[in-house]
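The values are calculated or read from the model by the stated rules, or taken from the named source; none is laboratory data. What you see is a predicted model; the values in this text were computed from it and never measured. Cβ coordinates were reconstructed from backbone atoms using ideal geometry, including for glycine residues, and neighbour counts include every protein chain displayed.
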Amino acid sequence: MDFPIETVRGKFPALDLTNKGRRRIYLDNPAGTQVPQAVADAVARCLLTTNANLGGYFETTIAAQQVVDDAHAAMADFLGAASHEEIIIGANMTTLTYHMSRTLGRGFTPGDEIIVTRMDHEGNVSPWLQLAEDLGLVLRFLPFDEKSWQVEETALSALLSDKTQLVALNYASNLTGSINRVKALTRIAKQAGALVYVDAVQFAPHGLVDVQDLGCDFLVCSAYKFFGPHMGILWGRRDVIDALQPYKCRCSSNDLPERFELGTPQIELMAGLTAAVDYFADLGAAAGEGGSRRRKIAKAFEVAIAHENPLALRLIEGLSDIEGLTIRGITDPERVSERVPTVSFTVDGIVPETIVRQMNAENIFLWSGHNYAWEIVHQLGIPAEQGVVRIGIAHYNTAAEIDETLESVHRVIAMLRQQR
Ligand SMILES: Cc1ncc(COP(=O)(O)O)c(C=O)c1O
């Protein structure tokens with residue numbers, strides 16, 4: 001089936017906005033995606049018709065509880081969880097990870113070890129680093145391979161010991177775009193008796209997550225990266241989270257997942273979260289899948305990937321002929337399935353921000369900097385205050401947008417070189 005790009009784009013009102021008559025090209029997607037009208041409508045509807053706190057006996061409180069339950073059920077389908085009780089919803093990935101790391105820390109003792117990667121966003125490094133400082137734990141850094149752009153199994157094996165309590169891994173990098181072999185890495189870590197905490201923030205917009213197949217213990221993602229509202233979701237394996245006692249109010253529920261969800265939830269955003277998951281299901285249904293919501297979501301990713309990957313290759317190919325430009329990630333077309341369509345690069349002698357500012361002025365939205373991939377820029381020897389230029393594709397982008405962006409990159413770099 002051809003990807004229904006016009007139908008898809010028609011669902012996102014932001015894609016029609018212009019500035020001074022110029023259409024916006026959104027390539028800032030790894031930092032946050034646009035939302036379908038249905039997501040905004042669901043948030044508004046919740047605020048306007050079911051706005052109440054939880055736990056009462058009147059109509060709106062009962063309806064609000066349904067919104068909360070629906071969001072947990074939707075995310076269970078989205079991540080392939082065994083139960084909605086395994087879905088913990090909170091402010092964002094970083095807050096949830098700080099929360100879970102503090103909870104896990106209650107069971108760690110001085111001298112215990114944690115492994116973090118040099119490929120991760122700081123949201124999956126700093127919480128563990130600071131926990132280690134507080135508790136006298138040993139933190140070990142797992143580098144990524146600069147040829148494969150992935151964390152290698154042998155490198156992980158070399159760091160594991162009988163003291164390793166936890167391995168924090170990323171699924172896909174927000175800078176290089178490369179995807180780790182999380183299932184294989186998890187198997188190795190689990191054989192050594194460690195818990196595995198996976199950051200799927202950048203993978204979740206581009207591929208079907210299956211937590212049961214991965215075999216990890218925790219997996220976290222952020223809805224605003226997959227066309228939903230600003231919130232984070234943490235999946236935890238039931239037997240693991242049921243044995244944990246988080247910091248919480250004494251009188252609040254001990255049930256799952258409420259035990260981990262502190263205070264009043266973002267109920268209206270949960271309504272938007274369900275709509276974002278249903279957006280994927282609708283895309284899968286339009287592509288011919290008639291089964292469960294989970295199967296429709298799987299189908300949606302199948303067609304979205306088939307649309308995204310050629311765009312990524314077109315972008316990589318178009319950048320490759322610029323002299324002095326280095327792509328920091330997988331460029332081999334044969335390995336396109338081992339990356340998400342996020343492409344970062346540096347250009348000899350040019351500060352990334354100067355390229356990005358000029359392109360932003362042309363209504364092409366993208367980012368420069370380290371983007372919190374703090375360890376990656378340090379491992380690669382890229383000045384952290386400069387970082388990279390990052391172009392991040394989502395499935396609503398078009399080949400014409402990529403061509404326009406490439407034309408702009410070429411022109412802007414030539415212009416900046418002339419000015420030197
Ligand atoms: C890979 C990765 N992990 C974690 C985060 C942090 O997510 P949040 O803003 O939900 O805390 C980001 C944000 O860009 C990210 O790209």
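Observations, loosely collected:
- For Glu86, the test of being away from the ligand (no atom under 16 Å from the Cβ), in contact with a Phe, Trp or Tyr (Cβ under 9 Å, 6 or more places away or on another chain), charged (D, E, K, R) and more than 17 Å from Gly263 (Cα to Cα) is passed.
- Test: residue in the range 80-92 that is out of contact with any helix residue (DSSP H, G or I) (no Cβ under 7 Å at 6 or more places or on another chain) and either not assigned by TED's automatic domain parsing to the domain that holds Ala373 or not in a helix (DSSP H, G or I) (or both): yes
- Residue in the range 234-241 that is closer than 16 Å to Phe78 by Cβ, assigned by TED's automatic domain parsing to the domain that holds Ile62 and more than 16 Å from the ligand (Cβ to nearest atom) present: yes
- Residue, surrounded by the most Cβ atoms within 10 Å (Cβ to Cβ), within the range 237-269, restricted to residues that are free of Cβ contacts under 8 Å to residues at least 12 places away in the same chain and of a type in the set (A, V, I, L, M, F, W, C): Ala243
- With respect to the conditions (1) surrounded by fewer than 18 Cβ atoms within 10 Å (Cβ to Cβ); (2) closer than 30 Å to Tyr279 by Cα, Pro383 falls short on a single one, namely (2).
- Scanning the range 175-205 for residues being touching a residue at least 12 places away in the same chain (Cβ under 8 Å) and over 18 Å from Gly123 (Cβ atoms) gives a total of 12.
- Every condition in (1) in contact (Cβ under 8 Å) with a residue 12 or more places away in the chain; (2) in a loop (DSSP other than H, G, I, E, B) holds for Glu289 except the one numbered (1).
- Qualifying residue in the range 368-379 (condition: small (Gly, Ala, Ser), under 23 Å from the mean Cα position of the chain (by Cα), within 14 Å of the ligand (Cβ to nearest atom) and surrounded by 23 or more Cβ atoms within 10 Å (Cβ to Cβ)): yes
- Test result for Arg335, more than 30 Å from Glu152 (Cα to Cα), at pLDDT 95 or above and among the basic types (Lys, Arg): no
- Number of residues in the range 169-199 that are farther than 17 Å from Glu375 by Cα and not polar (S, T, N, Q): the value is 15.
- Some residue of the range 67-74 being under 30 Å from Gln165 (Cβ atoms) and either buried (at least 18 other Cβ atoms within 10 Å of the Cβ) or hydrophobic (A, V, I, L, M, F, W, C) (or both): yes
- Condition check for Glu152: over 24 Å from the mean Cα position of the chain (by Cα) and over 22 Å from Leu262 (Cα atoms): no
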